[in-house]
Amino acid sequence: MTVRPYDAVLCDIDGVLRHWPAPGPTDLDHVHGLPAGTIAAAAFAPSRLQPAITGEVTDEQWRAAVAADLADACGSADRARDVVTAWSELVPRVDQDVVSLLTKVREVVAVALVSNATTRLESDLARQGLDDLAHAVVNTSRIGVAKPDPRVYRMAAERVGAPVRRCLFIDDTADNVVAARAVGMTAVHYRRIEDLEDALSALLPA
């Protein structure tokens, strides 16, 4: 009898499963005549993002606050709201190779998607047909804490009914990988599809 090395796979979303448009000549900063990185600097400033990914504010409240922060740079509040509306309509590219791997793995062990995300995550996943990819989705805005807080990893393991030491965690952010290892999980720093293929090979038939 083959002994599985893990009882659950916990996988990050953005940077692994989904990829947002990279900065460049067609990005929204350029299109709207803003200095490169202006929108990201406003949206992802820790004081602005942290409340959104821990559920202190809703996604709608976060985006409204980002628009207010951008008013001066955009020249008016109305123009800032238009910029944020366009930014909110961006759609990430789904890596179908990752989808295929996780689909195969979920036939063998429990799979959870674990993401530092706003309250919009679930509807975004449904819109792209990803809402049934995993057995569970752990959205940090729903649980009140965000990676790399160790409570996230323990809650994710509990959600799929696996001991932390029997979980494989995958993330593209090194600090999140270090934190997962600190609570006792096996963790992989994702940089390319081969990292995931190697990590999951012990669970999948050759």
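Considering the range 65-100 alone, what residues qualify as being open to solvent by 50 Å² or more (accessible area, probe 1.4 Å), closer than 17 Å to Thr119 by Cα and in contact (Cβ under 8 Å) with a residue 12 or more places away in the chain?
Correct list: Leu90, Val91.
If you take the residues of the range 164-190 that are hydroxyl-bearing (Ser, Thr, Tyr) and open to solvent by 30 Å² or more (accessible area, probe 1.4 Å), which of them is farthest from Arg4 (Cα to Cα)? Give the steps one after another, and end with the answer.
Kept after step one, since they are hydroxyl-bearing (Ser, Thr, Tyr), are these residues of the range 164-190: 173, 186, 190.
Then keep just the ones that are open to solvent by 30 Å² or more (accessible area, probe 1.4 Å); that gives 173, 186.
Working: Thr173: 26, Thr186: 13 Å.
Checked the range 164-190; the qualifying residue farthest from Arg4 (Cα to Cα) is Thr173.
Could you list, in sequence order, all residues of the range 145-163 that are open to solvent by 40 Å² or more (accessible area, probe 1.4 Å) and small (Gly, Ala, Ser)?
Within the range 145-163, Gly161 is the sole residue that qualifies.
Report, by residue number, each residue of the range 93-129 that is in contact with an Asp or Glu (Cβ under 6 Å, 6 or more places away or on another chain) and in a loop (DSSP other than H, G, I, E, B).
Val109, Thr118, Thr119, Arg120
Among the residues of the range 119-144, write down those that are polar (S, T, N, Q) and either at pLDDT below 95 or crowded, with 17+ Cβ neighbours inside 10 Å (or both).
Of the residues in the range 119-144, the ones polar (S, T, N, Q) are 119, 123, 128, 139-141.
Correct list: Thr119, Asn139, Thr140, Ser141.
Kindly evaluate Pro148 against the criterion of being farther than 12 Å from Asp12 by Cβ and not hydrophobic (A, V, I, L, M, F, W, C).
So Pro148 does not fit the description; no.
The values are calculated or read from the model by the stated rules, or taken from the named source; none is laboratory data. None of the values given here were measured: they were computed from a predicted structure. We place every Cβ from the backbone using ideal geometry, glycine too, and count neighbours over all the protein chains shown. Note: accessible area is taken over every heavy atom of the protein model, side chains too, but ligands, DNA and RNA are not part of it. Shrake-Rupley method; radii C 1.70, N 1.55, O 1.52, S 1.80 Å.
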